[in-house]
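Asker: Attaching a single structure in structure tokens format; questions to follow.
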Amino acid sequence: QGERTHKTFFPKNEIIYNFYTGEMVNNKKERYIDIPCPLDSLLIFARGGFITPLLVQNDTSTYIENLRFNPVELIIALDDNYESQGKLFIDDGENVERLYYKMDFVSLYDDKNKNIEIIFKKVYESFTIPEKWFPYIERVNIYGIGNAPSRVTYFRGGDDEKEIPKEKIKYDTNKKVLVIELQSEQILKSKNNTIRFILEGIIKE
């Protein structure tokens, strides 16, 4: 009673981030840490090497039929190789045959060119997903990145390279968190199977 911290165990060889802020909590050490745990938030962490898609709550509705249309936000928690992976499933919400649409997310580091490549790829589709359900990624949050990129571009299917405006890219030097705002880019509104982001000028620490 009255406690506002939690003694939390972290295993060795794991990079752990604060899920909400992106600050690194533990860097591959085995130890216990007293973590602030206020009553108005859950104690959640992001494990380095994994990508978590979140539905953005932009209205008060909790019906799945409406939540499907909400945009997606990605939490990309980098491991010590600046890489990570994750998946997104969208089922049809009606049939018992487990019909679903699946996307893979992968971030890879190119040490030679000092680039991070983020790949969004459709890998399975057991039903034709309606256009209005197609995942619309509103924001990409990258945790554990050592510096801001000099340029961010993306390729959508066979389209030409497009550059994300610099005003949509924000980097927090203290937290080492990069946020890319994509509200008006409509990057995943079309059904191209693969979309690639290139973050240039990334120097791995």
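The values are calculated or read from the model by the stated rules, or taken from the named source; none is laboratory data. Quick caveat, the model's predicted, so the values are computed rather than measured. Positions of Cβ are generated from backbone atoms using ideal geometry, with glycine treated the same way; all protein chains shown enter the neighbour counts. Side chains included, ligands, DNA and RNA excluded: accessible areas come from the protein's heavy atoms. Shrake-Rupley method; radii C 1.70, N 1.55, O 1.52, S 1.80 Å.
Asker: So which residues in the stretch 1-39 are of a type in the set (S, T, N, Q), open to solvent by less than 90 Å² (accessible area, probe 1.4 Å) and under 23 Å from the mean Cα position of the chain (by Cα)? Walk me through it before giving the result.
Answerer: Residues of the stretch 1-39 of a type in the set (S, T, N, Q): 1, 5, 8, 13, 18, 21, 26-27.
If we keep only those that are open to solvent by less than 90 Å² (accessible area, probe 1.4 Å) as well, we get 5, 8, 18, 21, 26-27.
The answer is Asn18, Thr21, Asn26, Asn27.
Asker: Output the residue which, of all residues in the stretch 1-53 that are part of a loop (DSSP other than H, G, I, E, B) and of a type in the set (S, T, N, Q), is nearest to Ile180 (Cα to Cα). Spell out how you get there, then give the answer.
Answerer: Here is the first cut: in the stretch 1-53, the residues part of a loop (DSSP other than H, G, I, E, B) are 1-4, 11-14, 19-23, 28-30, 37-44, 48-49.
Checking the rest, the ones that are also of a type in the set (S, T, N, Q) come to 1, 13, 21, 41.
Values: Gln1: 41, Asn13: 28, Thr21: 15, Ser41: 24 Å.
That would be Thr21.
Asker: Let me ask something else about it. Would you point out the residue of the stretch 144-164, among those that are in a loop (DSSP other than H, G, I, E, B) and of a type in the set (Asp, Glu), that is nearest to Ile16 (Cα to Cα)?
Answerer: Among residues in the stretch 144-164 that are in a loop (DSSP other than H, G, I, E, B) and of a type in the set (Asp, Glu), the one nearest to Ile16 (Cα to Cα) is Glu161.
Asker: Is it the case that the stretch 192-202 has a residue that's at pLDDT 85 or above, open to solvent by 40 Å² or more (accessible area, probe 1.4 Å), under 18 Å from Val72 (Cα atoms) and under 17 Å from the mean Cα position of the chain (by Cα)?
Answerer: Quick first cut of the stretch 192-202, residues at pLDDT 85 or above only: 196-202.
Applying the additional criterion that residues be open to solvent by 40 Å² or more (accessible area, probe 1.4 Å) yields 196, 200.
Restricting the remaining residues to those that are under 18 Å from Val72 (Cα atoms) gives 196.
Next, from what is left, pick out any that are under 17 Å from the mean Cα position of the chain (by Cα): 196.
Checking the stretch 192-202: at least one residue is at pLDDT 85 or above, open to solvent by 40 Å² or more (accessible area, probe 1.4 Å), under 18 Å from Val72 (Cα atoms) and under 17 Å from the mean Cα position of the chain (by Cα).
Asker: Taking the stretch 118-143 on its own, how many of its residues are under 24 Å from Tyr20 (Cβ atoms) and β-branched (Val, Ile, Thr)? Don't jump to the end; show me each part of the working.
Answerer: Applying the first criterion (under 24 Å from Tyr20 (Cβ atoms)) to the stretch 118-143 yields 118, 120, 135-143.
Of the ones still in play, those that are also β-branched (Val, Ile, Thr) are 118, 137, 140, 142.
Total meeting the criteria: 4.
Asker: Here's another thing I want to ask about it. Criterion first (more than 24 Å from Phe19 (Cα to Cα), modelled with pLDDT under 80 and open to solvent by less than 40 Å² (accessible area, probe 1.4 Å)) does Tyr63 satisfy it?
Answerer: Values: more than 24 Å from Phe19 (Cα to Cα): yes; modelled with pLDDT under 80: yes; open to solvent by less than 40 Å² (accessible area, probe 1.4 Å): no.
No; evaluated as a whole, the condition is false for this residue.
Asker: Answer yes if at least one residue in the stretch 161-175 is open to solvent by 50 Å² or more (accessible area, probe 1.4 Å), farther than 15 Å from Val72 by Cα and modelled with pLDDT under 75, and no otherwise.
Answerer: no
Asker: Could you check, for the stretch 40-49, whether at least one of its residues is over 16 Å from the mean Cα position of the chain (by Cα) and exposed (fewer than 10 other Cβ atoms within 10 Å of the Cβ)?
Answerer: Residues of the stretch 40-49 over 16 Å from the mean Cα position of the chain (by Cα): 40-43.
Adding the requirement that they be exposed (fewer than 10 other Cβ atoms within 10 Å of the Cβ) leaves 40, 42.
Yes.
Asker: I'd like the residue in the stretch 104-133 that is of a type in the set (S, T, N, Q) and modelled with pLDDT of 90 or more and, out of all such residues, is nearest to Asn81 (Cα to Cα).
Answerer: Our first condition is that a residue be of a type in the set (S, T, N, Q); within the stretch 104-133, this holds for 107, 113, 115, 126, 128.
Filter once more, keeping what is modelled with pLDDT of 90 or more: 107, 113, 115.
On the way: Ser107: 10, Asn113: 14, Asn115: 12 Å.
The extreme case among them is Ser107.
Asker: In the stretch 77-103, which residue that is open to solvent by less than 40 Å² (accessible area, probe 1.4 Å) and hydrophobic (A, V, I, L, M, F, W, C) is modelled with the lowest pLDDT?
Answerer: Of everything passing the filter in the stretch 77-103, Ile90 is modelled with the lowest pLDDT.
Asker: Within the stretch 104-127, take every residue that is buried (at least 19 other Cβ atoms within 10 Å of the Cβ) and of a type in the set (A, V, I, L, M) and give me the one that is farthest from Lys28 (Cα to Cα).
Answerer: Step by step, filter the stretch 104-127, then rank; the result is Ile118.
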